[in-house]
1. Pop a pseudo-label 7 angstrom from the Cα along the beta-carbon direction at both GLN281 and ALA180 and give the gap in nm to one decimal.
2. What's the FRET efficiency of GLN75 with VAL168 using the Cβ-Cβ distance as r and R₀ = 30 Å, to the nearest 0.05?
3. Loop-only GluC sites (Glu not before Pro) in the range 11-100, please: DSSP not H, G, I, E or B, and at most 12 other Cβ atoms within 10 Å.
4. Nearest 0.05, what FRET efficiency do GLU249 and ARG20 give at R0 = 45 Å with Cβ-Cβ as r?
5. Which loop trypsin sites (Lys or Arg not before Pro) in the range 94-203, with loop taken from DSSP, have no more than 13 other Cβ atoms within 10 angstrom of their Cβ?
6. Under a GNM of the chain (C-alpha, springs under 10 Å), which listed residue has the highest mean-square fluctuation: ASN272, ASN182, ASN126?
7. State whether the range 1-50 is rounded, prolate or oblate according to the following rule on the C-alpha gyration tensor (a ≥ b ≥ c being the square roots of its eigenvalues): a/c under 1.5 gives rounded; otherwise a/b larger than b/c gives prolate, and the remaining case gives oblate.
8. Just tell me which lysines come within less than 17 Å, Cα to Cα, of LYS117; anything on the same chain fewer than 8 places away is out.
Amino acid sequence: TARVIDGTAVARRVREDVARGVEKLLAEGGTAPGLATVLIGEDPASEVYVRNKRRLCVAAGMADHHRHLPGDVDQATVAALLDELAADPAVSGILLQLPTPEHLDSEALIARIPAEKDVDGLTTANAGLLAQGRPGLRPCTPAGVMTLLEEYDVALSGAEAVVVGRSVLVGKPMAQLLLAQNATVTIAHSRTRDLAEVCRRADVLVVAAGIPGLVGADAVKPGATVIDVGIHRGEDGLHGDVEYDAVAEVAGAITPVPGGVGPMTIAMLLANTLTAATVQQGRAS
Ligand code: NAD
C-alpha cells in the first residue's frame with residue numbers, strides 16, 4: 001500500500017523554519033513581519049480558518065493585525081480598509097478571507113492589495129509573475145503541494161503530471177508550478193471527456209475539483225503519487241476528492257484528508273508573510 005504523505009509533520013517543519021527566519025530578521029535589526037487578516041461576515045468555516053491563521057502567525061513570532069467587518073459592509077469601506085493596510089509599514093501581508101459576501105466584488109478588492117503584500121498570491125500581478133516563471137508570491141495551497149512533493153523526493157522533471165481542476169486559487173497555479181519543475185502537465189476539468197483515462201497517465205496526480213470521491217482506484221496508475229486537495233466536511237469528519245482507501249492500495253504515495261494538504265496551506269501563508277517582510281525591509285529573501 002501507498003506511503004502516506006504526512007502534511008502535518010511537513011507543515012510543522014515549515015512553521016519552525018519560518019519562526020527561525022523571523023528570529024534572524026529581528027537579530028539583524030529588522031522588524032517582526034505582520035499579517036493582516038480581513039474577515040467579512042460570520043461564516044463559521046471562514047472564522048475557523050482565520051482563527052488558525054492568526055494563531056499560527058503569532059506562534060511563529062509575527063504580529064497579528066486582524067480586522068473583522070460586518071457582513072453588510074459596503075465595497076467602499078472594505079476598499080478603504082485595504083488601502084489603509086496597504087500603506088501601513090507594520091503590515092507585511094494582507095489576506096482577504098474568501099469567499100466574501102455576494103454583494104461585494106472580491107476581484108476588485110483583491111486588486112487593491114499591493115503585489116508585494118499579496119501573501120495569498122491572488123493578484124493579477126503575482127499570477128502573471130508565476131505564468132512568466134519570475135519570482136513572486138505564490139498561492140499557498142499549490143505552493144504547499146510543491147513543498148510536499150519536494151520533501152518526499154517525488155521526481156517531477158519529465159514526469160507526467162495531471163491536475164484535476166482549473167481554479168485561479170488552486171488548479172491553474174498548481175499546473176504552472178509543476179510546469180516550472182519541468183513536468184509534462186495536463187489540466188483536467190469539468191468538461192474533460194474521460195477523466196479516469198486522463199488521470200491514469202499521471203505519475204503525479206493532483207486533485208482539486210471539490211467533488212467528494214471523484215477519483216477512484218480505476219483512475220490511478222500503479223505507483224503514482226496522489227495529492228488530494230479537496231476538503232469536504234461530513235458527519236463522520238473530513239474527506240477529500242479521492243477515494244482514499246481504494247486508491248491507497250494502488251498509489252505509491254498519497255496525502256490523507258485531514259493531515260495532507262490542509263496544514264500546508266497555512267504554513268505556506270506564514271512562509272509568504274516572512275518572504276514579503278524580508279523583501280519589504282530590503283533584505284535578501
Ligand atoms: P473550485 O470550485 O473553484 O474549482 C473546482 C475545479 O474543479 C473547476 O476548475 C472545475 O472545472 C473542476 N471540476 C469540477 N467538477 C469536475 C469533474 N467532475 N471532473 C473534473 N473536474 C471537475 O474549487 P477550488 O477552490 O479549486 O477548490 C477545490 C477543492 O479544494 C475544494 O474541495 C476546496 O474545499 C479544496 N481546497 C482545499 C484547500 C486546502 O487547504 N487543502 C485550499 C483550497 C481549496
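1. Computed distance between label sites GLN281 and ALA180 equals 2.4 nm.
2. The calculated FRET efficiency here is 0.90.
3. Passing both the DSSP loop test and the Cβ count: GLU28, GLU42.
4. Rounded to the nearest 0.05, the efficiency is 0.70.
5. ARG191, ARG193
6. Of ASN272, ASN182, ASN126, the most mobile in the Gaussian network model is ASN182.
7. In terms of gyration-tensor shape, oblate.
8. Within reach: LYS53.
Every read-out reported here was derived from the displayed coordinates using simple, explicitly stated rules and does not represent laboratory data. A quick note: this is a predicted structure, and the numbers were derived from the prediction, not measured. Note that we place each Cβ from the backbone using ideal geometry, even for glycine, and neighbour counts take in every protein chain shown.
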